[in-house]
Amino acid sequence: MEWKEVREISEPMNADVAVLGFPGMANVGEQVITYLIKSLDPTPVAKIYSEYLMFPNNMVGISVLEEGRFALPSVSIFESKNPPLALVTSDVQPVPWGGMEIANEILRVLGRMGVTKAIVVTGFVDESYAGKVLAFGEDGDLLGRFKDAGAVSESLIKSVIGLAGSVLGIAKIRGLGSVVLSGVAPDYSPDPKAAKAVLEILDRVFSLGLDFKMIDRQIEEVERIKSELVKEIERRIREELGGHGEMDESTEYFG
């Protein structure tokens, strides 16, 4: 029998739309929700704990936070007042056989909050589409608003896996309108640029009044680190050439 506990922290108000994002490809989903939580200062509504929420490699354990405090892996649900939005994220993905159970519990809590539409934020990797936001789904109203805000409709994604896919499946069964917003990254490493592109779409559609200074600093730091890595690789290749060949100092691309 599954061990599960739902801690209800506060009485929810009435949010018609939920935005959900979880750890995954280029970590776009989790980055977007984390940024929204920091920017909108929402009220914690509930936490979902389950034996299906484990660390990578199916390891059971706890996270050790500042000052030695403990945190059990969980799904966190928040609600912002202006605009009224439910925000959902988690620090880990559930094990494959527990995804639907966790998704069902999430949608149960969101149902109590009055949610009828779900926006699931994901990441996707395609170098030629990097920087774009893909939008697709079964809620025509939301889909139209996202396209008007700059999202594009391309048939690139054939499946949505992990907790994001499970949520979409349960949402369909429960009759909720759902849309996917997928930030496209050039590779699989965490990409704040792709997250920012999704945040800009959400900001335009819901008039969130977001300040992007914090994520812009993250983007600058990631670009600095990547630039230093490229320079280090070029330096090592020069050393290995050992005078047998030289790299053009004007080289801007290495691959």
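Say the cut-off is 24 Å between C-alpha atoms; which of K132/K172; K117/K158; K38/K81 go over it?
K132/K172
Run the reach check for K213 against aspartates and glutamates, Cα to Cα strictly under 13 Å, same-chain hits fewer than 8 apart removed. What comes back?
E200, E221
For the chain, with every protein chain kept in place, what is the accessible area per residue (1.4 Å probe, Å²)?
Roughly 54 Å² per residue, with all protein chains present.
What residue among A195, A149, A71 has the largest mean-square fluctuation in a Gaussian network model of the chain, using Cα springs under 10 Å?
Comparing A195, A149, A71 in a Gaussian network model of the chain, the most mobile one is A71.
Rounded, prolate or oblate, given the Cα gyration tensor of the stretch 1-146, with a/c below 1.5 counting as rounded?
Since a/c reaches 1.5 but b/c is at least a/b, the shape of the stretch 1-146 is classed as oblate.
Checking the cross-link filter: which lysines have an alpha carbon closer than 17 Å to that of K226, excluding same-chain neighbours under 8 positions apart?
Hits, sequence-local ones excluded: K193.
When a/c is below 1.5 the answer is rounded, else prolate if a/b is larger than b/c, else oblate, so apply that to the stretch 17-78 with a ≥ b ≥ c taken from the square roots of the Cα gyration tensor eigenvalues.
prolate
Where a ≥ b ≥ c are the square roots of the eigenvalues of the C-alpha gyration tensor, would you call the stretch 131-190 rounded, which needs a/c under 1.5, or, failing that, prolate if a/b is larger than b/c, or oblate?
oblate
Could you order I219, I62, I173 by accessible surface area, starting with the largest, using a probe radius of 1.4 Å?
Per-residue accessible area, sorted high to low, gives I173, I62, I219.
Taking Cα pairs under 8 Å and at least six residues apart, what relative contact order does the chain come out at, in percent?
In percent, rounded to a whole number, it is 22.
Please work out the C-alpha center-to-center distance from the stretch 186-225 to the stretch 147-171 and express it in whole Å.
After rounding, the separation between the Cα centres reads 19 Å.
Two decimals is fine: what's Rg over Rh for the chain, C-alpha atoms, Kirkwood radius as Rh?
My calculation puts Rg/Rh at 1.04.
Out of residues 5 or more away from I157 or on other chains, whose amide H comes under 5 Å of its own, with H placed 1.01 Å from N in the peptide plane?
none
Sorted by mean Cβ packing within 10 Å, highest first, what order do the peptides 48-58, 230-240, 160-170, 87-97 take?
160-170, 87-97, 48-58, 230-240
Gap in Å between the Cα centre of the stretch 106-136 and the Cα centre of the stretch 20-38?
10
What is the helix-to-structure angle for 162-174, meaning the angle in degrees between its Cα long axis and the longest Cα principal axis of the chain, kept from 0 to 90 and rounded to the nearest 10?
30
Antiparallel as a % of all DSSP beta bridges within the chain, to the nearest 5?
Bridges in the chain that DSSP calls antiparallel: roughly 55 percent.
Carbon and sulfur: what percent of the stretch 100-193's accessible surface (1.4 Å probe)?
Carbon and sulfur atoms account for 51 percent of the accessible area of the stretch 100-193.
For the pair K158 and T34, how long in nm is the line joining their label points, each one 7 Å along Cα→Cβ?
Each label point is offset 7 Å from its Cα along the Cβ direction, giving 3.1 nm.
How large is the helix-only mean residue ellipticity at 222 nm for the chain, computed as the sum of -39500 (n - 2.57) over DSSP H runs with n ≥ 4, divided by its residue count, in deg cm²/dmol to the nearest 500?
Computed ellipticity for the chain at 222 nm equals -12000 deg cm²/dmol.
The values are calculated or read from the model by the stated rules, or taken from the named source; none is laboratory data. All of these numbers come straight from a predicted model, not from anything done at the bench. Ideal geometry is used to build each Cβ from the backbone, glycine not excepted, and the neighbour counts take in all protein chains shown. These area figures cover heavy atoms from the full protein model, side chains too; ligands, DNA and RNA do not enter into them. Shrake-Rupley method; radii C 1.70, N 1.55, O 1.52, S 1.80 Å.
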